[in-house]
Amino acid sequence: MNKEDKMEALLSVKNFSIGIRKRMPSGETNLLSSVEDISFDIIPGEIMGIVGESGSGKSLTALSIASLLDEYKVVTGGSILLKADKNLSGQAPGEVPARNLLTLSEDELEAIRGKEISMVFQEPFSSLNPLIKAGDQIAESLELHGVKNRAVILKQVRELLVKLKFPEPDLIMDAYPHRLSGGMCQRIMIALAIICRPRLLIADEPTTALDQATQTQILGLLKEINQDLGISILFISHDLELIRSLCSRVVVMYSGRILEEGNTEEVFNHPAHEYTKGLLGCIPGRNKRGKNLASIPGKIPSLEEGRPKGCPFHPRCTKSRLACRQDFPAPRLLSPRHSTHCIEEAGDRSLKEAGE
């Protein structure tokens, strides 16, 4: 039995759906399906990735977990259950029912954001306040969650910057964001997100705007945070190589649906869904030097076009058949740690073949 089987989930997303309000040319407002009936768990202490093209629903899912959807995005079904924290409840987690984040009041959510769940966004410059010093922005999280002694707050901020290997932490604390590089600002965002030691850190494309060297530094920093502080991480990306280097498990999303999920190495070495195979075929590598990279024909459907019936990938799939266009396939277990929503038999591996 593997680690995932033994441990109770920190966070469980169950049969979760999101609609987006869109004003039509007629003047009517329609609710268009963006994310439909997805389910996954995040295990304490793991780094899990969600991967897919732009428009697949990755970021909307992340924003939903942090309860940061705007008024045009509407949860239309499902639940997001957060395991109880012994330190907050005073009781063992198993003695307190998990909280459904979708049913909590705004005050209850404010107590959770930053304290139990934090988020790092793509663009650090737009996320940080240009008029407030970096140290004060990190300190604000502690103040919001009940730490009132200014000396204690500044001491904790400085200690965290040292732990995160910031050069000259005192100068960094006193600097405004515009005086720092993009990579440094992203590290400030990470410090801000973990200063209260949350149980879950959501990183939504945190390296997109960074150069290769800085990207590597940020990934290394996330690994250290996970290993040293025990913070679970949900890492959102369209880059499969980043997912492979960082995550132990991966969820593959397309057009608001989960098409494949499982142990990262199993999914990468034995992809079962044609979409996953297509994504992996687009990755450059030494064995492909001098050759044309594969590409996936077509494009992801827009909200206005609507999600195709059945498997949403079937209009772009070279192996599509009638059954793919009728109903969304039920999950098929390929191993104890790998499943897919694909009926293509060439991708099938029985439990016996997978080593159960």
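Condition check ((1) at pLDDT 95 or above; (2) closer than 15 Å to LEU69 by Cβ) across all residues:
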{"residue": "LEU10", "(1), (2)": "yes, no"}
{"residue": "LYS14", "(1), (2)": "yes, no"}
{"residue": "ASN30", "(1), (2)": "no, no"}
{"residue": "SER34", "(1), (2)": "yes, yes"}
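Out of everything in the stretch 176-187 that is assigned to a loop (DSSP other than H, G, I, E, B) and surrounded by fewer than 17 Cβ atoms within 10 Å (Cβ to Cβ), what residue ends up being modelled with the highest pLDDT? Among them, the one singled out is TYR176.
From the list ILE190, ILE132, the one residue that fits, being touching a residue at least 40 places away in the same chain (Cβ under 8 Å) and surrounded by fewer than 15 Cβ atoms within 10 Å (Cβ to Cβ), is ILE132. Across the stretch 25-41, the qualifying residues are those that are surrounded by fewer than 16 Cβ atoms within 10 Å (Cβ to Cβ) and among the small types (Gly, Ala, Ser), and the one among them that is nearest to VAL252 (Cα to Cα) is SER39. Total residues in the stretch 4-60 satisfying the condition of being touching a residue at least 60 places away in the same chain (Cβ under 8 Å), part of a strand (DSSP E or B) and small (Gly, Ala, Ser): the figure is 6.
Could you tell me whether any residue of the stretch 157-176 is closer than 26 Å to ILE80 by Cβ and of a type outside the set (A, V, I, L, M)?
Of all residues in the stretch 157-176, those closer than 26 Å to ILE80 by Cβ come to none.
Checked against the condition, which is being closer than 26 Å to ILE80 by Cβ and of a type outside the set (A, V, I, L, M), the stretch 157-176 yields no hits at all.
Among the criteria (1) crowded, with 21+ Cβ neighbours inside 10 Å; (2) not in a loop (DSSP other than H, G, I, E, B), the one PRO206 does not fulfil is (2).
Quick test for you: out of ILE236, ILE225, ILE231, ILE153, pick the one residue that is farther than 30 Å from SER12 by Cβ and crowded, with 19+ Cβ neighbours inside 10 Å. Break it down into steps so the answer makes sense when it comes.
On the way: ILE236 fails: farther than 30 Å from SER12 by Cβ; ILE225 fails: farther than 30 Å from SER12 by Cβ; ILE231 fails: farther than 30 Å from SER12 by Cβ.
From the options ILE236, ILE225, ILE231, ILE153, the qualifying one is ILE153.
Within the group LYS155, LYS165, LYS115, which residue is over 24 Å from the mean Cα position of the chain (by Cα), of a type in the set (Lys, Arg) and not in a helix (DSSP H, G or I)? Break it down into steps so the answer makes sense when it comes.
Values: LYS155 fails: not in a helix (DSSP H, G or I); LYS115 fails: over 24 Å from the mean Cα position of the chain (by Cα).
After applying the criteria, what remains is LYS165.
Just checking, does the stretch 194-203 include any residue being at positive phi and free of Cβ contacts under 8 Å to residues at least 60 places away in the same chain? Yes, the stretch 194-203 contains at least one residue that is at positive phi and free of Cβ contacts under 8 Å to residues at least 60 places away in the same chain. Scanning the stretch 13-43 for residues that are of a type in the set (Ser, Thr, Tyr) and within 17 Å of PRO331 (Cα to Cα) gives a single hit, SER39.
Give, as residue ranges, the strands (runs of 3 or more DSSP E) completely inside the stretch 227-284 that count at least 3 residues that are of a type in the set (D, E, K, R).
Working: elements: 232-237, 249-254, 257-263.
The qualifying strands (runs of 3 or more DSSP E) are 257-263.
Within the stretch 239-250, the set of residues being surrounded by 17 or more Cβ atoms within 10 Å (Cβ to Cβ) and of a type in the set (Gly, Ala, Ser) comprises SER248 only. Looking only at residues in the stretch 74-107 that are surrounded by 13 or more Cβ atoms within 10 Å (Cβ to Cβ) and either part of a loop (DSSP other than H, G, I, E, B) or in contact with a His (Cβ under 8 Å, 6 or more places away or on another chain) (or both), which one is modelled with the lowest pLDDT? The extreme case among them is VAL96. Would you say MET253 is in contact with a strand residue (DSSP E or B) (Cβ under 7 Å, 6 or more places away or on another chain), closer than 30 Å to ALA330 by Cβ and either free of Cβ contacts under 8 Å to residues at least 60 places away in the same chain or crowded, with 22+ Cβ neighbours inside 10 Å (or both)? For MET253, the condition - in contact with a strand residue (DSSP E or B) (Cβ under 7 Å, 6 or more places away or on another chain), closer than 30 Å to ALA330 by Cβ and either free of Cβ contacts under 8 Å to residues at least 60 places away in the same chain or crowded, with 22+ Cβ neighbours inside 10 Å (or both) - is met.
The values are calculated or read from the model by the stated rules, or taken from the named source; none is laboratory data. All figures in this text were calculated on a predicted structure; none of them were measured in a lab. Heads up, the Cβs are rebuilt from the backbone with ideal geometry, glycines too, and the neighbour counts pull from every protein chain shown.
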